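See structure below.
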Amino acid sequence: MAKSQKYYVVWHGNNPGVYKTWAECLAQVKAFPNAKYKAYPSLEEAREAYHSNYEYSVNRERKVKTVENWQSKVPQGSIAVDAACSGNPGDLEYRGVDIYTKSELFRIGPLKQGTNNIGEFLAIIHALALLKRSNDNKTAIFSDSKIAINWIKLKHPNTKLIFNQHNKPLQDLLQRGVQWIKSNSYSNPILKWETEKWGENPADFGRK
């Protein structure tokens, strides 16, 4: 089935505006500090959002989607992780943010010929390693990927991705991640971010 057309709004990037392809959007936000952008299903919605400011547009959407107060279930200081992949496989990025302040704690990528599940898996491991270095064994990590959370429990990524010379850096990173998860203990809770109840994952890249 063909993918539906998406339109990309760039509020803060090299050239703010509305773009019809992810490639055009990426050219405006790649390596741009604190870039602000989001995908919309129609040109009309994208134009309306562009003429509003970023915070208003995103917060309004979250209010519509949110049906439950997540603050009562998510401890202060918790970390949200997420990944984005343009293509399957495709260029992969993943990151972690403080859920309450939205400050970005780490961001890796783009990595060639990856998958979203691998990115989600590596993001959880990266967050665990970050907390381990701080001797923090209590801070919770939230992911909206059931698959990645299960891979963490198994300590093995059940991926069918074929590795080659183009994505060897990703393969090396994945191997280091698996080695880390197998050789380190942790007690930090790894929990599911309930998107349907709480709204979008705070670490989301805004490309849906």
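Data overview
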item	result
Set of aspartates and glutamates with alpha-carbon distance to residue 112 below 19 Å, sequence-local pairs under 8 removed	24, 82, 91, 93, 120, 172
Cβ-derived FRET efficiency at R0 30 Å, residue 112 paired with residue 183, nearest 0.05	0.65
Expected 222 nm ellipticity per residue - DSSP helices of 4 or more, -39500 (n - 2.57), all of the chain, to 500	-11000 deg cm²/dmol
Heavy-atom accessible surface of segment 107-174: percent carbon and sulfur, 1.4 Å	52 percent
Anchor residue 20: lysines whose Cα lies under 17 Å away (excluding residues fewer than 8 positions away in-chain)	3, 6, 30, 36, 38, 208
Sorted peptide list for 15-27, 114-126, criterion being average Cβ within 10 angstrom, highest first	114-126, 15-27
Relative contact order of the chain, pairs being alpha-carbon contacts under 8 Å that are 6 or more residues apart, as %	21 percent
Residues of type lysines that residue 73 reaches as a straight line, Cα spacing below 20 Å, ignoring anything fewer than 8 places off in the same chain	63, 65, 102, 138, 146, 192, 197
Probe 1.4 Å, accessible area per residue of segment 62-208, Å²	52 Å²
Note, ³J(HN,Hα) from phi for segment 171-181, Karplus 6.51, -1.76, 1.60, rounded to Hz, x at Gly and Pro	4, 4, 5, 5, 5, 5, x, 5, 4, 5, 5
Exposure ranking of 108, 79 by accessible area [1.4 Å probe, largest first]	108, 79
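The values are calculated or read from the model by the stated rules, or taken from the named source; none is laboratory data. As the structure is a prediction and not an experimental result, all values here were calculated from the model. Using ideal geometry, Cβ is built from the backbone for each residue, glycine included, and neighbour counts are taken over all protein chains shown. These area figures cover heavy atoms from the full protein model, side chains too; ligands, DNA and RNA do not enter into them. Shrake-Rupley method; radii C 1.70, N 1.55, O 1.52, S 1.80 Å.
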